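Report on the following structure.
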Amino acid sequence: MTALLHLIGVGQRYGTGEAAVTALDDVDLEVAAGELVAVMGASGSGKSSLLTVAGGLTRPTSGEVLIDGVALGSLSAKRMAALRRTTLGFVFQDYNLVPTLTAVENVGLPLELDGWPRRQVRRAALDALASVELSDRTGSYPDDLSGGQQQRVAIARAVVGPRRLILADEPTGALDSQTGETVLRMLRGRVDAGAGGILVTHDARHAAWADRIVFLRDGRIIDQRRAPQPESLLAGHR
Ligand code: ADP
Ligand code: MG
């Protein structure tokens, strides 16, 4: 079966000559539909570079990125933009909400811009807000929401609609622990419903929500393992 996401020998270099930095070095990675992969590694190990390349925000210096078996390098700019809007969900630490729009309007904005019919926009936005446990604040304006609630609205906006590949870069970093867990539960739910996901995190407890953990060091995958299941974590204590 074709992997949802397939990185083949991906390299990413920034700069040239003496100043060149190798952020990714010959990375091979597959993510299947229904699979959540956690990526862990020290600061500067290439985690964010991996996500931006995987999501087609940056073209890698070498190697290939395939989504559904289609090489991103072969897509026109227009088709790449369409793929980003319809298939990919990026959860970054970017919480720019439009202050004059309610939560449900903010979340529906990407779909509205994409020309979806009004009713469907609203339904998808309400679903996304429910997935981050904000069904009771759909009509609120950003200024009337707490910081954590605003962050969850932004995350709902990032995953609204039928995204099949969700790329999350330390989404829980700036969140309080309860909000962080809500976001992990949402990610896990989307993946269990058939999406694929990559979760960059430096918290082993968060990585435990994934099916597989990939360890990066100096731009290379140095280890991969299945995430410990709650069962096996408990086994030693019985
Ligand atoms: P992480 O997310 O694990 O902290 P990054 O992918 O952000 O790692 O960075 C990997 C390496 O690439 C680091 O050495 C970083 O300084 C460098 N780097 C990242 N982005 C750029 C850029 N736009 N220009 C130059 N160097 C960069
Ligand atoms: Mg980073």
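The values are calculated or read from the model by the stated rules, or taken from the named source; none is laboratory data. Since we're looking at a predicted model, the values are computed, not measured. Every residue, glycine as well, gets a Cβ built from its backbone with ideal geometry; the counts of neighbours run over all protein chains shown. In case anyone asks, the SASA skips ligands and DNA or RNA and just uses the protein heavy atoms, side chains included. Shrake-Rupley method; radii C 1.70, N 1.55, O 1.52, S 1.80 Å.
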Among residues of the range 46-70 being part of a loop (DSSP other than H, G, I, E, B) and within 16 Å of ligand 2 (Cβ to nearest atom), the residue surrounded by the fewest Cβ atoms within 10 Å (Cβ to Cβ) is Leu57
*Does Leu7 satisfy being assigned by TED's automatic domain parsing to the domain that holds Leu187, modelled with pLDDT of 95 or more and either open to solvent by 70 Å² or more (accessible area, probe 1.4 Å) or more than 8 Å from ligand 1 (Cβ to nearest atom) (or both)?*
yes
Condition check: more than 30 Å from Ser45 (Cα to Cα) and touching a helix residue (DSSP H, G or I) at 6+ places or on another chain (Cβ under 8 Å). Does Leu175 satisfy that?
no
Exercise. Evaluate the following for Val107: is it of a type in the set (Val, Ile, Thr), closer than 21 Å to Asp211 by Cβ, open to solvent by less than 20 Å² (accessible area, probe 1.4 Å) and at pLDDT 90 or above?
Key: no
Just one listed residue, out of Thr102, Thr61, is in contact (Cβ under 8 Å) with a residue 40 or more places away in the chain and more than 21 Å from Arg190 (Cα to Cα), and it is Thr61
When restricted to Gln93, Gln120, the only residue within 12 Å of ligand 1 (Cβ to nearest atom), among the polar types (S, T, N, Q) and closer than 30 Å to Ser140 by Cα is Gln93
Exercise. Quick check: is even one residue across the range 87-104 open to solvent by less than 60 Å² (accessible area, probe 1.4 Å), within 18 Å of Gly196 (Cβ to Cβ) and within 16 Å of ligand 2 (Cβ to nearest atom)?
Worked result: yes
Practice item. Consider Leu24 carefully, then state whether it is open to solvent by less than 40 Å² (accessible area, probe 1.4 Å) and more than 16 Å from ligand 2 (Cβ to nearest atom). Key: no
Scanning the range 53-73 residue by residue, those in contact with an Asp or Glu (Cβ under 9 Å, 6 or more places away or on another chain) and hydrophobic (A, V, I, L, M, F, W, C) turn out to be Ala71, Leu72
Only unsatisfied item for Lys78, checking (1) more than 16 Å from ligand 1 (Cβ to nearest atom); (2) over 28 Å from Gly147 (Cα atoms); (3) under 14 Å from the mean Cα position of the chain (by Cα), is (3)
Inside the range 31-45, the number of residues satisfying the requirement of being part of a loop (DSSP other than H, G, I, E, B) and either open to solvent by 10 Å² or more (accessible area, probe 1.4 Å) or more than 10 Å from ligand 2 (Cβ to nearest atom) (or both) is 8
Cβ pairs under 8 Å, 6+ apart or interchain, first in the range 1-30 and without any contact (Cβ under 8 Å) to a residue 40 or more places away in the chain, second of a type in the set (Phe, Trp, Tyr) and surrounded by 12 or more Cβ atoms within 10 Å (Cβ to Cβ), ordered by first then second residue, are Ala20/Tyr14; Val21/Tyr14
Does the range 117-132 include one or more residues that are at pLDDT below 95, surrounded by fewer than 18 Cβ atoms within 10 Å (Cβ to Cβ) and under 18 Å from the mean Cα position of the chain (by Cα)?
-> no
